[in-house]
Each structure stands twice: as structure tokens, then as C-alpha cells.
Amino acid sequence: MAIKKIAVFTSGGDAQGMNAAVRSVVRTGLDLGLEVYAIYEGYQGLVDGGERIKKMNWDSVGGIINRGGTAIGTARCDEFRTRQGRLIAAQHLIECGIEGLVVIGGDGSLTGANLFREEWPSLVAELAEKGQINAKEAAAYPNMIIVGLVGSIDNDFYGTDMTIGADSALHRLTEAVDAITSTAASHQRTFVVKVMGRNCGYLALMGALACGADWVLIPESPPNVDNWEKVMVERLRSGRKAGRRDSIVILAEGARDREGNYIGSSDVQRILEEGLNEEVRVTVLGHVQRGGRPSVFDRNLGTLLGHEAVNAIIKAKPEDEPLHIGIKGNRISKLPLMECVKNTHAVAEAIATKDYERAMDLRSSSFKDAFRTVRTMVRALPHSPAPDQKRFRIGVLNAGAPAPGMNTASRAFVRLGLDRGQMMLGIQNGFEGLAEDEVEEMNWMSMSGWASMGGSELGTSRRIPKGSDLYAIARTIEKHEINALLIVGGWNGYEAAHQMYNERSNFPAFDIPIVCMPASINNNLPGSELSIGADTALNNIVDAVDKIKQSAVATRRCFVVEVMGHWCGYLALMSGLATGAERVYMNEEGVTLSDLQKDVSRLTQGFKQGKRLGLMIRNEYANSIYSTSFMCSLFEEEGKDIFDVRPAILGHQQQGGDPSPYDRIMATRLARLCLDHLIEQLEREDDDVSFIGLQGGQFKFHDMRDFSRMVDMEHQRPKNQWWMEMQGIAQLLAQLGPAEKE
Ligand code: ADP
């Protein structure tokens with residue numbers, strides 16, 4: 001028998017992005033013809049029943065996607081921890097006829113859900129025995145179908161790369177640490193910043209990586225020496241001597257020493273004050289990390305997982321195990337909830353029993369990589385090269401339009417290279433600088449403070465070398481004896497590398513290993529699902545659109561927002577998904593007059609039904625004839641006195657701003673991989689020209705010869721655009737209501 005009624009609730013600690021998940025569950029369910037209920041205040045609502053279990057309609061979840069917290073409330077509920085509480089909860093679900101549950105919560109809430117499901121048959125039997133439900137009801141509910149999504153800022157759950165809320169929490173954390181860093185640097189001060197994470201150092205570790213902190217303490221890996229206090233003081237002191245103006249220590253709330261004793265912020269403060277003989281300030285970030293608007297990543301993650309949860313419920317049979325739905329390598333992953341809960345607890349147990357090796361082992365490879373990288377980056381000075389080591393001269397340049405994260409990548413690449421004993425060269429102003437001999441040898445402090453800076457400090461240019469440039473570039477490479485080159489950039493950078501490869505027979509100086517790292521807000525590079533800068537740009541767009549939407553609350557107005565991306569609709573589609581835009585226009589699909597006619601009549605119908613705001617997002621090159629101003633005039637004319645229309649061309653604010661935490665983390669990871677790759681090439685005396693990218697969770701280097709095969713040259717975008725799959729969900733959720741399809 002097909003399922004008819006489902007319910008969704010949020011439980012435990014709130015997390016940004018929960019609203020997007022609830023919205024997605026409700027609308028996907030309604031679209032499939034289900035009745036959807038929201039249980040307010042988590043398990044408490046389930047135990048209380050009555051008013052707390054509300055039937056939802058399409059508009060009940062309107063206007064919540066951009067809000068932090070959870071619109072349907074959350075609570076901690078001690079009654080649900082008892083069998084009696086769970087018995088009442090089961091009775092309420094049966095009374096309402098609910099057959100499937102989507103639970104959005106943390107580790108505790110999902111543990112509770114798992115237990116509830118295990119006990120379900122016995123709960124039903126007990127209710128029947130006590131006469132609280134009749135035999136027919138008991139037979140109709142052999143089991144409850146449960147799907148769990150993790151909403152937790154800690155990113156502490158097994159079976160998903162990211163939990164809903166972790167990215168937004170990192171946004172809050174990096175904003176705060178960046179702010180503290182600027183005041184600390186002004187006064188040459190030392191700060192201890194305490195962040196959330198009882199059994200998971202994710203926020204502390206990624207925060208340290210993203211902000212260029214000087215020391216980090218996490219629960220999974222206590223300092224591996226007993227005199228860690230002395231080592232930390234020594235490291236900070238020598239950092240100052242080497243020229244650092246600030247010292248920032250990030251401490252996870254669950255950090256401990258090897259004996260398992262908690263390390264508090266006041267402990268670190270005292271140790272540093274005594275050791276450094278200066279005043280040390282403490283900032284405890286606390287609930288700031290949980291608050292505020294959800295990031296684009298969390299909105300879209302919540303949306304995708306919520307959509308998938310409903311699809312999983314309707315496909316499930318009552319006897320099926322409860323599922324956890326998460327994301328692995330940028331793709332949806334489904335695992336038995338039980339297995340995930342068990343493995344999540346295993347980390348906490350390993351930490352509690354001081355088996356830190358196992359705790360670290362249970363973490364993902366990106367966590368371990370990040371830890372390794374942070375340990376290098378916090379050094380006051382690099383390791384000295386071994387006496388017999390062959391040292392290479394490796395250059396880095398930025399190419400194409402600036403993308404937030406270019407500085408983070410350049411800094412990480414140079415520091416990691418110096419630490420491996422290489423000589424690192426910074427090339428200013430892209431290929432123009434390379435042609436004009438703007439090359440400088442970098443030291444450990446040359447790029448200090450760059451981790452959090454937007455734009456391109458090295459300088460970039462759009463020039464693709466041709467003719468006499470090639471000769472000049474070859475001369476610079478020979479003069480500075482550049483053995484290998486990293487190009488951090490977008491389409492132009494890739495084309496330039498391609499060009500150098502093709503010109504090898506004329507210029508032997510180009511016979512060096514070259515690697516391109518994808519850095520472009522357009523996210524239009526082959527072999528890479530996400531390029532550095534795109535996440536920041538998306539957040540910039542969504543910030544602007546949220547504000548634009550607020551400006552229009554009282555009027556019936558439609559906005560046509562034009563976003564960048566050249567011929568690639570990534571920014572348009574993903575910002576449309578994150579803001580709940582009714583329509584996204586992209587070059588990939590084109591725009592026709594009949595599309596526009598349909599859109600006008602939909603808008604008119606919507607406004608007549610009481611809608612107050614329309615939002616259309618248009619990729620800048622969606623169609624050269626049906627421009628933003630054309631669309632606005634058309635809608636305005638057709639909308640007459642029903643609604644008015646305003647354009648918003650977001651322009652270069654999309655390219656600017658400090659890089660988002662995701663872009664910083666990605667830039668750092670790629671920098672390490674590119675460096676390893678180039679050194680390997682040099683040691684093997686190879687000279688491949690390649691580009692790196694992340695696909696399906698795997699990093700891969702592609703031969704530059706494959707570039708033209710993998711792209712649509714005319715539209716400067718990859719042939720394979722994985723994110724186009726999201727279009728269906730974006731359209732579904734932006735409908736006027738479930739009836740629209742008919
Ligand atoms: P989070 O879900 O954010 O980890 P909690 O650990 O506080 O937050 O759990 C939220 C709620 O989930 C609890 O108040 C309780 O109602 C329920 N819950 C947690 N653990 C269990 C458990 N072992 N058995 C039954 N219910 C539980």
C-alpha cells in the first residue's frame with residue numbers, strides 16, 4: 001500500500017539549513033500527493049501531540065529558507081528518553097495516520113530515532129494490549145518508516161562529509177576570527193578563541209586552516225608530547241620573532257591533553273601569559289556559531305537531502321531499516337542509520353578511552369589532510385632542507401579574473417613548498433608579469449595574512465600569451481631557472497597553459513611541469529566540480545538577493561537579478577536554489593519567447609493569488625537578445641497594474657569579498673596536492689602539463705591534452721556539468737503550489 005502521510009521534525013541543537021530541509025520535505029511531499037505534517041518542538045511535540053502536530057501546505061514553508069534556526073521549533077525532551085514517552089509518541093503518530101518520519105537532528109536525536117524504530121513493534125503491541133489503539137490500527141502499523149538527516153553544526157556524524165549547519169557555523173567562526181585577527185595584529189596581541197565541538201575538532205581545525213591561526217587544539221588529537229604547553233609557547237614566541245604580528249590559538253571545547261584532562265580557555269590563557277609575558281585575551285564564540293543566516297551550501301544541502309528523504313520514504317517498505325541520508329563526494333549517500341549512529345559513537349568512545357589514534361583514524365581523509373597541513377602552516381619557520389636535497393625553483397602565478405581564494409592557495413603553496421625545502425617564486429600580474437620579468441623569491445613571511453584576503457595579492461591578468469609574449473616568457477623562465485609552474489586561475493589560465501604546451505617545439509623553456517588549479521567564480525572549468533571562488537560568489541549573490549527580497553515585502557514586485565558566470569549557469573542555478581527563485585535563465589537551456597510568455601502568465605497568476613514577490617535569476621549570457629532590460633520591459637508591460645518589475649545587475653560585488661571558508665579549505669587542499677604533484681614530476685624528470693580537479697570526491701590530475709576534448713570551446717564550459725541535475729528540484733520547489741503541474 002502506498003504511503004499517504006508523512007511528518008517532519010527538527011530536534012536537539014538547532015542548525016542553520018534545517019529550514020531549507022523542512023521546506024524541501026514539505027514541498028516534495030505535497031508535490032508527490034502526500035499529506036505532510038510538521039511536528040513542532042521535536043520529540044516534545046511528538047510526546048505532547050494535539051496542536052503540536054500540524055498539517056502543512058505549500059505556503060506554510062514560504063519565506064523560511066533564508067532564516068537561521070528552525071521555524072518549526074526544536075527542544076530537548078527527557079520524556080522521549082523513557083519507554084513511556086516513546087509509547088505516547090507512537091500513539092500520537094498512529095492517531096494522526098502518519099506512516100513515515102523525517103527526523104532532522106544531531107547525533108542524540110538520531111540515536112533516539114533509531115531506538116524508536118527498533119522498539120516500534122513492541123510499542124504497537126503494548127498500545128494494542130492496553131486498548132489505546134485497535135487491532136486494525138495495530139495491523140496497519142507493523143513499522144514506522146524513518147529517515148534521518150543530520151542537522152548539526154559540529155560536523156560530527158559518520159556517513160556524511162558535511163552535516164547541515166557545519167558550513168554556516170564555519171562562516172560565523174571565520175568572520176569572528178578574521179575580525180579578531182585584525183585587532184590582534186594592530187596591537188601585536190595574542191588571542192585564544194574557543195569554538196564549539198565536544199568530540200569533533202572539525203570547526204576548530206577547519207577554522208584554523210581557513211584563518212591562518214597559529215595553533216589549534218582539538219579533541220581527536222591532543223598534542224603528542226607531554227610538554228605541549230612549552231612547545232606551544234615556544235612556537236608562538238618564535239613566530240613573533242619571525243615577524244608575525246598576531247598570535248591566534250583556536251581551541252575546541254572538547255580539547256584535552258594526552259591524559260584526557262580537558263584544556264580550558266583559561267588554562268591556555270594562563271600558560272601563554274606566563275610563557276610569553278604578555279596579556280592574552282580570550283574570546284568564547286559560543287552560540288554565535290549556531291546563529292545567523294544559513295550559507296548557500298547549507299541551504300542547498302538541506303534542500304537536496306530533504307528532497308531525497310521523501311523519495312526514500314515513498315520507496316521504502318515498512319520492514320526496511322531506517323536510513324541516514326547524507327552527502328559523500330558531492331553525491332547523495334544513503335546508509336543504514338544504525339551503522340552511522342554506531343560509528344559516530346565510536347569516535348566519542350575512542351576519545352573517552354584515550355585511544356586518539358583510533359579517533360583520528362575514524363575521521364575522513366580530508367580531516368587528516370587538513371590536520372597535517374595545519375601543523376605545517378603554523379610553523380614559525382620551515383624545516384631546513386636536507387643537506388643532500390635537490391632543491392627546485394617552483395613558481396606560482398594567478399591568471400584570469402580574480403577569484404576569492406587565490407591568495408589562500410598561493411600562500412599555502414609557497415609555505416608548503418618552502419617546508420619541503422624548495423625555492424618558491426611569486427610571479428606578479430599573471431602571464432603579463434611573467435613576460436615582463438616580475439618574479440620574486442618568496443620566504444615564509446612573504447604571504448603572511450593572505451589566507452583570509454579576497455582578490456589577488458600577487459596580481460593577475462587576463463592576457464593569454466601570444467607572439468612576442470611567448471619569447472619573453474621563455475626568457476623569464478630561463479633567467480630565473482623556473483623548474484615548475486603552478487597557475488591558479490580560470491579559463492584564460494588554462495588556455496595559456498595549453499598554449500605553452502603547444503609551443504614547446506618552438507620554446508624548449510616550456511618543457512617544465514605545469515599544473516592549473518581551478519580558480520574562477522564561474523565554475524566553468526573541466527575536470528572539476530567546484531572551482532575556488534565559486535562558493536564565495538554564490539554567497540555574495542545570495543546575500544544580495546536576500547536583501548533585495550526584504551526591500552520588497554510590501555509591494556507586488558518582480559525582480560530580475562542578473563548574475564555572472566559567462567556561459568555557465570552554475571551561479572544562476574545554485575543561487576536560484578538557495579533563494580527559492582521561481583525561475584532561472586541559463587545559457588545551457590536558452591530562452592525562448594514562448595518561455596517568457598509562460599513565465600509572465602505564471603507571475604500574473606501568482607500575484608493574483610496573493611504572492612507579493614517574484615524572483616527571476618538570469619545568467620549574464622543566458623540569451624543575447626532577451627537581455628535583462630528586455631525581460632524587465634516585457635514583464636512590466638504584461639504585468640500592467642498587477643505587479644511591477646525591477647532589474648538588479650549584481651556586477652563585480654560577486655567577485656569580491658573575503659573568501660568563504662569552503663573556498664579557503666579547498667584552496668589549501670589543492671595547493672598541497674599540486675605541490676606534491678609538481679615535486680613528483682620534477683623528481684621523475686617528467687614535464688606534464690595538467691589540471692587538477694575534484695570529481696565525485698576524488699582529486700584527479702588531467703592531461704592538458706584532454707582539455708579541448710572535455711570542454712565546449714565556444715561556450716567556454718565543460719561538456720559535463722554535474723549540477724544541471726539540480727534543475728528539477730529547483731523547479732519543483734519554486735512552483736506556486738503542488739497543483740501547478742496538472
Ligand atoms: P542532538 O540531536 O543535537 O545531538 P540531544 O543529544 O540533546 O541533541 O538530543 C535531542 C533529543 O533527542 C533529546 O532531548 C531526546 O529527546 C532525544 N534523544 C537523544 N538521545 C536519545 C536516546 N539515547 N534515546 C532516546 N531519545 C534520545
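FYI, it's all coordinate maths here, none of it is from the lab. In this text, all values refer to a predicted model and were calculated from it rather than measured experimentally. Note that each Cβ is placed from the backbone with ideal geometry, even for glycine, and that neighbours are counted across all protein chains shown.
Data overview
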| quantity | calculated |
| --- | --- |
| Relative contact order [Cα under 8 Å, 6+ residues apart], the range 400-506, whole percent | 36 percent |
| Relative contact order (%) - criterion: Cα under 8 Å, at least six apart; region: the chain | 13 percent |
| Normalised contact order of the range 166-289, rounded percent, pairs of Cα under 8 Å and 6 or more residues apart | 37 percent |
| Cut-off 11 Å between beta-carbons: net charge of the residues surrounding residue 45, Lys and Arg +1, Asp and Glu -1 | -1 |
| Projected label distance in nm at residue 185 and residue 546, using a 7 Å step from Cα toward the beta-carbon | 2.6 nm |
| At R0 = 41 Å, FRET efficiency that the Cβ-Cβ distance of residue 589 and residue 700 yields, to 0.05 | 0.90 |
| Which of 60, 452, 366 has the fewest Cβ neighbours within 10 Å, and the rest in rising order | 366, 60, 452 |
| Linear extension gain, residue 358 paired with residue 710, 0.36 nm per residue minus alpha-carbon span | 122.6 nm |
| For 570, 356, 40, 585, order by how many other beta-carbon atoms lie within 10 Å, fewest first | 356, 40, 585, 570 |
| Cross-link table 5/136; 466/700; 55/611; 549/640; 611/640; 334/368, entries beyond 25 Å C-alpha to C-alpha | 466/700 |
| For the range 166-289: rounded, prolate or oblate by the Cα gyration tensor [a/c cutoff 1.5] | oblate |
| R0 of 25 Å, Cβ-Cβ distance residue 278-residue 386: FRET efficiency to nearest 0.05 | 0.10 |
| DSSP bridge orientation in the chain - percent antiparallel, rounded to nearest 5 | 25 percent |
| Radius 14 Å from Cβ of residue 226, net charge of other residues (Lys, Arg +1; Asp, Glu -1) | +1 |
| More than 16 angstrom apart: percent of Cα pairs within the range 321-402 | 74 percent |
| Distance histogram for the range 504-576 (every C-alpha pair counted, 10 angstrom bins, percent rounded to whole numbers) | 17, 34, 22, 15, 7, 4, 1 |
| Within the chain, helix-based [θ] at 222 nm, where runs of 4 or more DSSP H residues each add -39,500 (n - 2.57), nearest 500 | -13000 deg cm²/dmol |
| Estimated inter-spin distance, residue 601 and residue 79, nm [label 7 Å along Cα→Cβ] | 5.2 nm |
| Alpha-carbon centroid distance for the pair the range 120-171 / the range 248-294, whole angstrom | 36 Å |
| Point-to-point label distance, residue 226-residue 621, nm (Cα→Cβ direction, 7 Å offset) | 6.4 nm |
| Evaluated at q = 0.05 Å⁻¹: base-10 log I(q)/I(0), Debye formula over Cα of the chain | -0.27 |
| Antiparallel bridges, percent of DSSP beta bridges restricted to the range 166-289 (to nearest 5) | 5 percent |
| Cα gyration tensor, the range 146-234 - rounded (a/c under 1.5), prolate or oblate | oblate |
| Three-way shape call for the range 535-655 based on the alpha-carbon gyration tensor, with the a/c threshold at 1.5 | oblate |
